[in-house]
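Written out below as structure tokens is the structure these notes cover.
The values are calculated or read from the model by the stated rules, or taken from the named source; none is laboratory data. Because the structure is a prediction, the values reported are computed rather than measured. Every residue, glycine among them, receives a Cβ derived from its backbone with ideal geometry; neighbour counts consider all protein chains shown. All accessible areas refer to the heavy atoms of the entire protein, side chains included, with ligands and DNA or RNA removed. Shrake-Rupley method; radii C 1.70, N 1.55, O 1.52, S 1.80 Å.
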Amino acid sequence: ALRTVALSAFGLSRHPITHQQWAAVARLKPQGSEPELNPAPSAAMAHGIWPCFAQPGSLPVDSVSWNDCQAWIRRLNRWLLGELGDSSPQLSLPSESCWEAACRAGASTPFHWGDTLDSSWANYDGSYVYGDGALGVFRQTPVAIGELGLVNPWGLAEMHGQLWEWCLDRWHPMPQGCPPDGRAWEDPDLNLQGNPKQDDRIARGGCWCSDPLQCRSASRLSLIHISEPTRPY
């Protein structure tokens with residue numbers, strides 16, 4: 001079902017956070033009760049000349065939990081505040097509404113470029129098709145950011161496939177009751193009381209091992225916030 005939200009201006013990074021970017025922030029000294037962060041958490045390692053030598057550290061970081069992402073963002077925000085003072089941006093994971101709006105970039109079709117998916121445009125399991133799409137490549141691993149060379153009309157890359165992307169919201173099976181201003185829906189779903197999924201968080205976008213159905217702009221997934229591997233924004 002369609003839902004309408006009124007969003008204030010917001011920005012997202014063009015590409016996923018890379019191994020190199022994650023490590024740079026994870027190595028900053030934690031303060032107070034902040035947890036230590038693994039600077040190299042990813043299960044996927046670089047293979048081939050381009051990611052190993054021409055663009056080292058350029059794979060998107062994977063195998064980071066929602067909690068890890070929150071700790072990483074807090075550490076980055078503290079560093080930005082120290083470097084830029086009061087003019088520094090304060091970053092966060094996107095709300096689910098902001099993520100979907102950014103992925104669609106004004107389109108109402110299943111994917112920001114139209115009605116189907118092609119493995120030359122996105123990293124997913126090309127053994128499956130959606131609609132009138134053609135069979136394609138199954139790369140079986142994340143690829144270096146920018147390798148596929150495609151961005152949506154808002155300049156954002158790899159919104160379909162590659163790695164699941166954490167959102168700030170708690171899991172609600174029916175998203176129609178989300179905040180109308182696009183804020184994250186952080187209150188637990190009372191209909192899930194007593195169900196461990198009440199503490200799950202939202203992941204969007206599909207990944208390299210997903211079929212194209214899971215990579216649609218509207219596709220939603222609930223993941224355990226403490227352990228599931230996805231990418232941060």
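Express the carbon and sulfur contribution to the solvent-accessible surface of the range 87-214 as a percent, rounded to the nearest whole number, probe 1.4 angstrom. Each step should come with its number before you reach the end.
Details: 3090 of 5780 Å².
Answer for the range 87-214: carbon and sulfur cover 53 percent of the accessible area.
Mind ranking 29-41, 10-22 by how tightly packed they are, going by the mean number of other C-beta atoms within 10 angstrom, highest first?
By packing density, highest mean first, the sequence is 10-22, 29-41.
For the pair Ala6 and Thr116, how long in nm is the line joining their label points, each one 7 Å along Cα→Cβ?
Placing both labels 7 Å beyond Cα along the Cβ direction yields 4.0 nm.
For the range 1-31, list residues with backbone N below 15 Å from a point placed 7 Å from the Cα of Ser108 toward its Cβ?
The answer is 1-5.
What does the C-alpha gyration tensor say about the overall shape of the range 1-139? Classify as rounded when a/c is under 1.5, otherwise prolate if a/b is larger than b/c, or oblate.
Oblate, because a/c is 1.5 or more while a/b does not exceed b/c.
Taking only protein heavy atoms into account and a 1.4 Å probe, give the accessible area per residue of the chain in Å².
50
Return the whole-Å distance between the Cα centroid of the range 125-172 and the Cα centroid of the range 1-78.
17
So what does log10 I(q)/I(0) come out to for the chain at q = 0.09, 0.12, 0.16 Å⁻¹, using the Debye formula with one equal point on every Cα and no solvent?
Those come out to -0.38, -0.68, -1.22, one per q.
Highest mean first, how do 208-217, 70-79 rank when packing is the count of other Cβ atoms within 10 Å averaged over residues?
The packing order, highest mean first, is 208-217, 70-79.
Determine which residues of the range 1-25 fall in the zone a paramagnetic label at Trp79 would reach in this model, i.e. backbone nitrogen under 13 Å from the point 7 Å along Cα→Cβ.
18-25
I want to check the label-to-label distance for Asn38 and Trp50. Put each point 7 Å from Cα in the C-beta direction and report it in nm to one decimal.
About 2.7 nm, to one decimal.
Between Ser87 and Gln176, how high is the FRET efficiency from 1/(1 + (r/R0)^6) when r is the Cβ-Cβ distance and R₀ = 45 Å? Nearest 0.05.
Working: r = 38 Å, r/R0 = 0.84.
Working from the Cβ atoms, E equals 0.75.
By average Cβ neighbour count within 10 Å, what is the ranking of 102-112, 179-189 from highest down?
Going by the mean number of other Cβ atoms within 10 Å, highest first, we get 102-112, 179-189.
Rg over Rh of the range 83-152, using C-alpha atoms and the Kirkwood radius, what does it come to?
Result for the range 83-152 is an Rg/Rh of 1.11.
Quick one: if the Förster radius is 22 Å, what FRET efficiency do Asp211 and Gln140 give, using the C-beta to C-beta distance and rounding to 0.05?
After rounding to 0.05, the efficiency reads 0.95.
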